[in-house]
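*Asks:* Sharing a structure, written as structure tokens. Questions coming.
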Amino acid sequence: MDPPERGSRDPDAAGDGLGRLYGRRQGRPLRAGRRRLLDELLPGLAVPFDRAQPPGYLDPASLFSPRPSEVWLEIGFGGGEHLTAQARAHPTVGFIGVEPFINGMASFLKETTSGGADNVRVLMDDARPLLAALASASIGRAFVLFPDPWPKKRHWKRRIVCRAVLDELARILVPGAELRLATDDPGYGQWMLLALLSHPAFEWTARGPADWRVRPVDQPQTRYEAKALGAGPPLFLTARRRG
């Protein structure tokens, strides 16, 4: 994939990114075993936060015991392959994963039954209210990997990568923290890069083609990336929160 051009449609013009949650919440009906996992495991891993509290009230490190060295956030973790692998590779880091799709959450919970969830907390809902609740400079790294591209022009306002969400990510990320994005949709890739380049809080870290063509070595492959490889090369973008 060639580097995205800077002349794409301005992502700020499509909407404020803070409206309602779009898309399906559930696909095929869950089997009894996976429904049981939702009933039995999810309550103990769920992120408790109160939408009535003032913005920025929630210290994410307080969700874990012992207190982690830092907290990383994944928005839209799909089936949880990447989230679980990262949590197992970094046992001193606390992980918060957000996934509104019920089937994806059930898949993640099935994986956690084999161990590795002690340092993970999850939210089965829209990520944006949680972003608003998180304390400033409280997240050490954030991932948005293969989100729904909403390719039709009339749906661009639904894209999770937009100025309003980047504003919230800039607020909650510590200076120097990484924001990692990935997509298999060329149009959304251009959109993502333009959003990053136009945001004063983020610096794109790429120094050569491999930096956007090759998945970071410490970033496990997701099922969505595996599907994308059949259609064309994915795009990987890493930005740094300016100090």
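*Asks:* Can you name the number of the only condition in (1) out of contact with any Asp or Glu (no Cβ under 8 Å at 6 or more places or on another chain); (2) modelled with pLDDT under 90 that LEU21 fails?
*Replies:* Here LEU21 clears every test but (1).
*Asks:* Kindly provide the set of residues from the range 190-216 that are under 15 Å from GLU178 (Cβ atoms), among the hydrophobic types (A, V, I, L, M, F, W, C) and touching a helix residue (DSSP H, G or I) at 6+ places or on another chain (Cβ under 6 Å), ordered by number.
*Replies:* Within the range 190-216, ALA201, PHE202, TRP204, ALA206 qualify.
*Asks:* While we're here: Give me the pairs: first residue in the range 163-178 and surrounded by fewer than 21 Cβ atoms within 10 Å (Cβ to Cβ) and among the β-branched types (Val, Ile, Thr), second residue modelled with pLDDT under 95 and part of a strand (DSSP E or B), beta-carbon distance under 9 Å, and six or more apart or on different chains, which are they?
*Replies:* Final answer for the pair search is none.
*Asks:* Using the structure shown, decide if ASP118 is at pLDDT below 95 and within 16 Å of SER69 (Cα to Cα).
*Replies:* yes
*Asks:* Report, ordered by the first and then the second residue, all pairs with beta carbons closer than 6 Å, sequence separation of six or more or different chains, a first member in the range 46-62 that is within 18 Å of ALA137 (Cα to Cα) and in contact (Cβ under 8 Å) with a residue 40 or more places away in the chain, and a second member that is surrounded by 14 or more Cβ atoms within 10 Å (Cβ to Cβ) and among the aromatic types (Phe, Trp, Tyr).
*Replies:* Going by the 6 Å Cβ cut-off, the qualifying pairs are LEU58/PHE49.
*Asks:* Still on this model: I'm trying to understand the selection: among the residues of the range 53-94, which are of a type in the set (A, V, I, L, M), more than 16 Å from the chain's Cα centre (by Cα) and farther than 19 Å from VAL174 by Cα?
*Replies:* Hit for the range 53-94 is ALA89, nothing else.
The values are calculated or read from the model by the stated rules, or taken from the named source; none is laboratory data. Keep in mind that what you see is a predicted model, and the values were worked out from it rather than measured. Note that we place each Cβ from the backbone using ideal geometry, even for glycine, and neighbour counts take in every protein chain shown.
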